[in-house]
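Here the structure comes first, spelled out in structure tokens, and everything after it is commentary.
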Amino acid sequence: MTTAHTPEPILQVHQLTKTFAGFQALNGVDFSVNEGEVVVVIGPSGSGKSTLVRCVHQLETIDGGSVYLDGELLGYEHHRSGVRPLTPRAVAAQRRRIGMVFQQFNLFPHWTILENVTRPHRMSHGVGAAEAEQRARLLLKQVGLEHKADAHPRELSGGQQQRVAIARALAPAPRIMLFDEPTSALDPELVDEVLAVLRDVARSGVTMVVVTHEMEFARQMGDRVVFMDAGRVVEQGTAEQIFNHPKSDRLKAFLSRFRAQGARPEEAAPAAPDATAPVPTEPTAADRMQAAPARPGRRSA
Ligand SMILES: Nc1ncnc2c1ncn2[C@@H]1O[C@H](COP(=O)(O)OP(=O)(O)O)[C@@H](O)[C@H]1O
Ligand SMILES: [Mg+2]
């Protein structure tokens, strides 16, 4: 892969295993994300995608393996010859460096949009009111909702609410953003506005892991696409490699099944006149950096 940045991973996952009541949801996952990279995770339902991002965000305990953020072990500390769990306080501090957006946006219904972005930021990060509001207004502008600051969630569409949830997750300027099927709960006509915001966030240089079934987004925005099946990373590569030259039978089967039933309208009618034509090389992280020199995710110290 040709990218401009040094490949010192922000996130490193080694041999991660997770079992639910005897069921092996993650079976030795190795996974890493470099600074500024957009990694898209695809795979069939039940393959462990959500479990992977939930383990990274420490919403689940892990059974084996390790997760490092900026070289720091998450959830545990080295102790004598082994490791022991961190205190809840230390875990909370680590989790603040990771932003997460879920399928369900879960805004607080009785708070305004502005409050939904400022309050969690203030409560968990001890940020002052003025600073939190300034940051929130900037982010609401970025997701195109500054005019909704004083509205309540019920007055917004699902797509707008998800855009607020993205602004909320970006507020503390996390080192990495995890998105778990951020458009799956939306009516089809609302998906594109959320994908547009995701593209914008990616172009601003934020490091992202995006679990999605939106294959067009994966093709366009994924610096790397990771295919999971049965709790393992089966194959990963550039979008071109994954979509146009899949190697494993499982990925081939997934893609053909997906094309047969799951394609959204814009996938069925791509810009290229020939649907079977190879996809042109997509912009790399380096292209995107060039297009967007500012990195708003990190400029407010
Ligand atoms: N809390 C849980 N309790 C029991 N089983 C779970 C739990 N969470 C996930 N699983 C199981 O783990 C497997 C992987 O789930 P998940 O990570 O949600 O897959 P994906 O996001 O790829 O659809 C599935 O078989 C699912 O049923
Ligand atoms: Mg899932």
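What follows is calculated from the coordinates using simple rules that are stated; it is not laboratory data. Computed from a predicted model, the values in this text were never measured in an experiment. FYI the Cβ positions are ideal-geometry reconstructions off the backbone, even for glycines, and counts take in every protein chain you see.
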Handout entry: Estimated vicinal HN-Hα couplings, Hz - segment 221-234 in sequence order (Karplus 6.51, -1.76, 1.60; Gly, Pro = x)
Key = 9, x, 5, 9, 10, 10, 9, 10, 8, 6, x, 9, 7, 8
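Label segment 170-234 by shape, choosing from rounded, prolate and oblate, from the square roots a ≥ b ≥ c of the eigenvalues of the Cα gyration tensor; if a/c is under 1.5 it is rounded, and otherwise prolate applies when a/b is larger than b/c, oblate when it is not. Each step should come with its number before you reach the end.
Numbers: a/c = 1.62, a/b = 1.12, b/c = 1.44.
The shape class here is oblate.
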Completion exercise
By the Cα gyration tensor axes a ≥ b ≥ c (a/c under 1.5 gives rounded; else a/b larger than b/c gives prolate, otherwise oblate), the shape of segment 124-206 is oblate
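Going by a ≥ b ≥ c, the root eigenvalues of the Cα gyration tensor, does segment 42-128 fall in the rounded group (a/c under 1.5), the prolate group (a/b larger than b/c) or the oblate group?
Judged from the Cα gyration tensor, segment 42-128 comes out oblate (a/c at least 1.5, b/c at or above a/b).
Just to confirm the filter: which chymotrypsin sites (Phe, Trp or Tyr not before Pro) across segment 104-195 are DSSP coil and have at most 15 other Cβ within 10 angstrom of their Cβ?
W111
Which trypsin sites (Lys or Arg not before Pro) does segment 170-256 hold that lie in a coil by DSSP with at most 16 other beta carbons within 10 Å?
Working: sites: R175, R199, R203, R219, R224, R232, K247, R250, K252; in loops: R175, K247.
Answer in residue order: K247.
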